[in-house]
Amino acid sequence: MFELTLAELAAGLRKGDFSSVELTRSYLERIKAEDGRYNSFITVTEEQALAAAAAADAALTAGTATAFTGLPIAHKDLFCTDGVRTSCGSKILDNFVSPYDATVVSRFKQAGAVMLGKTNMDEFAMGSSNENSYYGAAHNPWDLERVPGGSSGGSAAAVAARLTPAATGSDTGGSIRQPAALCGITGLKPTYGRVSRYGMIAYASSLDQGGPIARSAEDCALMLNVMAGFDPLDSTCLEREVPDYTATLDQPLAGLKIGLPKEYFSSALDDQIAQRVRDAVAEFEKLGATVKEVSLPNTELSIPAYYIIAPAEASSNLSRFDGVRYGYRCEDPKDLEDLYKRSRGEGFGAEVKRRIMVGTYALCAGYYDAYYRKAQQIRRLIQQDFIRVLNDVDVIMGPTTPHPAFRIGEKNNDPVSMYMEDIFTLSLNLAGLPGMSVPCGQVDGLPVGLQIIGSHFAEAKLLNIAHQFQQATDWHKQAPAGI
Amino acid sequence: MEWEVVIGLEIHVQLSTTTKIFSGASTAFGAAPNTQACAVDLALPGTLPVFNENALRMAVMFGLAVNAEIGKRSVFERKNYFYPDLPKGYQTTQLAEPIVGPGFVDIETDDGVSRRVRLHHAHLEEDAGKSLHEDFHGMSGIDLNRAGTPLVEIVSEPDMRSSKEAAAYARKIHAIVTTLGICDGNMAEGSMRCDCNVSVRPKGEEKLGTRTELKNINSFRFIERAIDTEVARQIDLIEDGGRVVQETRLYDPDKNETRSMRSKEDANDYRYFPCPDLLPVIIDDSYIEAIRATLPELPDARKARFIEQYALSDYDAGVLSSYRPQADYYEQVVGACQDAKLAANWVMGELAKLLNQNDTDIKVSPVSAEQLGGLLLRIQDNTISGNIAKKVFELMWSNGGTADQIIEAEGLKQVTDSGAIEKIVDEVIANATKQVEQYIAAEPEKRGKMLGFFMGQVMKATGGKANPGAVTGILKQKLDALCS
């Protein structure tokens, strides 16, 4: 049962092979038994899950079920969930029980999904290893000594460990794609504005985008069908028709034009990862695609630009966590300034503080032009690079990460080296483009991800390409040892 | 040395939208604390702003009314600072690209100075909540009902040269926003608040002196007094060899003094940057022109029309047109009684007096324009005198009813029957032999003044109901007959 995809589970529910309550109970038991090793969940919502499953079974019996009815999922713990703690991986929100549902959460509820719980993450989605969580590091199911990636590390680890068939994630600089790559599963960061951000606790508003993490492209399509679409509560969410993402999965790839950016295959890239990516591209050639080298000359600039813009927005977005209305408040503040300083000083972790300080500095009078404005200019250049290339080819392919999963603690004292892990992913956020990570092989027993990048709103195309690859290969079916 | 005063104003006007600028919560005044603060206003994690188009429409109306360029692209920015009544830790406002660009208004003071005051710009922003420091046993209470109420902040150039001009400018802005119906104009409830930037310089000097900012003044009278007080302080300071420090000061109306709140050195670095949760607001000419077509007659135009159409004095026309409900009321009274001058005297006189005394807005005046018009008709047709009319008006104010009903019920109808008046005059003359003798003895040109005594006696005897014109005529005729 734990090897079944969402699509297969949906069929099983309809055939009566098992009920949603049985399915849900199995997963809850598995989480209870196994998650001690992975620390992938912050909160397990057993009671709500069983109630939702019972309602789903009633709908299945009554014939009112829809595609997602009765399917278990987990939400990254930055999606607000009514009546359930929403911690964002932070001490400062450890006591925060949201009084409302994020739009993504309420869409899954309406679709009949069963929420198993809330998954671990880097605090406020700031990190590439899930080590920055107040609730402790999550562990990579392929090697418990290694990180699952971040910031959606809990979601990726839980899906890879078969503790949930699928989970939501959010991606500000690679936080869906990088952990998906490191955990050998499939993740999609949609176009900015495709999925509502309402109720998804903000890290960097102009970069954040929610998306699906699952074991196959088909399952990601099923999830995106639920998640995508206009939301009047999010002014940056675009009013644009949502296709049925499952409808075009089977289109043939003959004639597909693939671009390989020469900048992605530089010396910084692990040779073996480069080889796995080239093997994957060869597979696409077999499926009828043509390949050419392209250039994204400003790729290197994406890291400094990102590490100005994201912290700048974060420094402002995180100002609301002040100990006044909700969340952590220090003991016995002696005055207002003490309340602010200690509530925030004690409530936020080191990486969050680092980014708040960097962002505050970048926005200061006198530095704004040199940092923030310049970063926005670079952002436009990066966007133009992509648009130019994507006028020439249908999709861009390359590695998702420069290395496979690293060891827990390995990069803790070197934030810049940690930031470099996102070199291939964060330029998409700066450009607002959709991207997927698909398993395409292994290096020393650790999974490697292929990144597929498309034009704005080309999610259906990306899912189609990824699905065809997964029909031709079985990398996505590989499970960690002992699962 | 002779000093010149230089004043610029920043006026915050609360827009009368029914919901907040970035959320669906109500903006009504006076609800129990925090009952009108939704998830967005409370800045709960994950919430996002959605711009209220009504606030945009109102800001554009204002821009058009002050002859300003309208920003076809305007951008919301975040002004970052920590304060307990600022839930997000930043105020969403506009800076580099405001909705209203440069414009101007023309003002006139009571003593006849007229001036064009240029507006630097006006921008949209959200109001903060309120911190309550009483009754919390050493803690502070936070009421977020007001958080997110839409404001237009109107920033003038430093074009005013006296406290009177500043007050006249504030009155003009008040007249414009209330005429447009975009603000209720209630200054006591904080619907319009004023920051005054004040500096002095030697007369003839071009360079501006160091300014101080007087915060949050909420009446026209206090604007004048606060500026006068601050100007005197600055001049004293400079003449004593001191220097004005750039700072924010608070005006205390009870002590009539200004006090330092914070100096420039303590000022926050607000770290403005464009709000990534809101897209730039783009509007086109057709949007602007559609709004222009809905603009009501503005105070300046109405004043000119009052002078032209009703032959009012410049002063009367200015007062009556300054507040739209009052101007509307006035025109209804004119419609009912057809005497523009009489209507003006009553609306600005008796009615204004009672409204003031009872702290009542003309919009909820207990005496309607129809009632007042009906009363004035009875003055015009000599049913009652002006003095009796005041009595009727007071009864009308407290008990309601039409003029005719009150006159009838109280028996106030004026006596115009000359036979009845003659009879009373004869009695008065018969009972005042001493005064009659004095009258006869007086030189003819002094007799006119002495008529007053007899007049008073007749009015006393008739309870004020005798027609004064008729009484004068008959008195004169009878007394003069005695002299020959």
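Read-outs throughout are calculated quantities, based only on the coordinates presented, and are distinct from any laboratory measurement. Everything quoted here is computed from the prediction, not taken from an experiment. In this analysis, Cβ positions are derived from the backbone assuming ideal geometry, glycine residues included, and neighbour counts consider all displayed protein chains.
Quick notes on this structure:
- The slack in the chain from B:E2 to B:E427, taken as 0.36 nm per residue of separation less the alpha-carbon distance, amounts to 146.3 nm.
- Shown in residue order for the range A:4-16 are the 3J(HN,Hα) couplings computed by the Karplus curve 6.51 cos²θ - 1.76 cosθ + 1.60 at θ = phi - 60°: 6, 7, 4, 4, 6, 5, 4, 5, x, 5, 5, 6, x Hz (x for Gly and Pro).
- Vicinal HN-Hα couplings computed from phi for the range A:392-398 (Karplus, 6.51 cos²θ - 1.76 cosθ + 1.60; Hz; Gly/Pro x): 9, 10, 7, 9, 10, 10, x
- Under a 5 Å amide H cut-off, with hydrogens placed 1.01 Å from N, A:S133 pairs with A:E123 among residues at least 5 apart or on other chains.
- Annotation note: trypsin sites (Lys or Arg not before Pro) in the range A:165-242 located in DSSP loop regions with a Cβ neighbour count of at most 16 within 10 Å are A:R240.
- Pairs of lysine residues in the range B:418-483 that meet both criteria, 8 or more places apart or on different chains and Cα atoms under 20 Å apart, total 18.
- Long-range Cα-Cα pairs in the range A:300-375 (distance over 14 Å), rounded percent: 63 percent
- With each label modelled as a point 7 angstrom along the Cα→C-beta vector, the B:D381-B:R161 pair spans 5.4 nm.
- Sorted by Cβ density within 10 Å, fewest first, the residues A:K76, B:K363, B:K215: B:K363, B:K215, A:K76
- Placing a label point 7 Å from the Cα of B:K353 along the Cα-to-Cβ direction, the residues of the range B:376-393 whose backbone N falls under 13 Å from that point are B:386-393.
- Only lysine pairs 8 or more places apart or on separate chains count here, and in the range B:299-410 those with Cα atoms under 16 Å apart total 4.
- Amide H within-cut-off set for B:M261, under 5 Å, with H built and near neighbours excluded: B:T248, B:R249, B:L250
- Helix B:418-430 axis, angle to chain B major axis (alpha carbon atoms, nearest 10°): 70 degrees
- The alpha carbon convex hull volume per residue for the protein assembly as shown rounds to 229 Å³.
- Comparing the range B:265-314 with the 2.2 N^0.38 Å rule of thumb, its C-alpha radius of gyration ratio is 2.22 (two decimals).
- Each other residue within a Cβ distance under 15 Å of B:I288 adds +1 if Lys or Arg and -1 if Asp or Glu, for a net charge of -1.
- With a cut-off of 13 Å between beta carbons, the residues surrounding B:A37 carry a summed charge of 0, where Lys and Arg count +1 and Asp and Glu -1.
- Among the GluC sites (Glu not before Pro) in the range B:393-445, none is located in a DSSP loop while being surrounded by at most 14 other Cβ atoms within 10 Å of its own Cβ.
- Cα centroid of the range A:163-239 to Cα centroid of the range A:81-97, whole Å: 20 Å
- Residues of the range B:240-284 falling in the label zone of B:N216, defined by backbone nitrogen less than 15 Å from a point 7 Å along Cα to beta-carbon, are B:248-254, B:259-262.
- Karplus-based coupling profile of the range B:385-401, in residue order and whole Hz: 8, x, 5, 4, 4, 4, 5, 4, 4, 5, 5, 4, 4, 7, 10, x, x, with θ = phi - 60° in 6.51 cos²θ - 1.76 cosθ + 1.60 and x standing for Gly or Pro.
- Alpha-carbon centroid distance for the pair the range A:399-464 / the range A:314-379, whole angstrom: 28 Å
- Each label was represented as a point 7 Å from its Cα along the Cα-to-Cβ direction; for A:R407 and A:S266 these points are 2.7 nm apart.
- Spin-label pair A:A59/B:T416, simplified geometry with 7 Å Cα→Cβ offset, distance in nm: 8.4 nm
- Long-range amide H partners of B:H121 with built H, under 5 Å: B:V155
- Listed pairs A:K109/A:K477; A:K32/A:K118; A:K189/A:K461; A:K32/A:K411; B:K20/B:K172 exceeding 19 Å between Cα atoms: A:K109/A:K477; A:K32/A:K411; B:K20/B:K172
- Cα-based shape type of the range A:209-331, given that a ≥ b ≥ c are square roots of the gyration tensor eigenvalues and the cut on a/c is 1.5: oblate
- Net charge over other residues, Cβ less than 12 angstrom from the Cβ of B:N197 (K, R count +1; D, E count -1): -4
- Isotropically averaged projected area of chain A, using the convex hull of Cα atoms (one quarter of hull area), nm²: 21.5 nm²
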